[in-house]
Amino acid sequence: MSKTFDRYSSLFFLCVGIGFIIESNKITQSAYGSSVGPDIFPKVLGIILILLSCRLFYETFRYPRESKKGEAVNFKKFASILVSAILYALFIEKLGYVITTFAFLVIGFQVMEKGGWWKSILISALFSYGVYYLFVEVLDGSLPGFPIWFS
């Protein structure tokens, strides 16, 4: 646990969450043939990100005192997640929501905790398809589906 890193991270993600909300207000509020507008998903993500970053900032005050030695920040894991998030954003239109979300989650789970491939694959598949089904079929929203070459 690095108190300083977590505090700065929480402030950074607070700003990102605020940015999500501000930018989602610029998106049209309804899509043709959809009862849920495209602005809802990023707005909800922004709110969740703000709440989680506030919780992390609060939790840093409950950390035990840091020793002088401290724990090294693992920039390799951070860089892996950052690169996979950028690739996720680049390929979501070409590969669709389900495939890119599945790949992003598997990579994220394996970066955070190596091993347990079957568990990572199962959770990633259920989450990515479950969210897609809930948003598109139940809420009548729209997300990029599967690519044309896949179907």
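Where a number appears in this text, it was derived from the coordinates with a stated rule and is not lab data. Only a predicted model underlies this, so the values are computations on that prediction, with no experimental measurement involved. Cβ: placed from backbone, ideal geometry, glycine included. Neighbour counts: every protein chain shown.
General remarks:
- Additional length obtainable on full extension of the chain from W117 to L90, 0.36 nm per residue less Cα span: 7.2 nm
- For segment 71-137, GluC sites (Glu not before Pro) meeting the loop criterion (DSSP other than H, G, I, E, B) and having at most 15 other Cβ atoms within 10 Å: E71, E113.
- Selection of trypsin sites (Lys or Arg not before Pro), segment 79-151, meeting DSSP coil and at most 11 other Cβ within 10 Å: K114
- Highest average packing first - 49-55, 77-83, Cβ atoms within 10 Å: 49-55, 77-83
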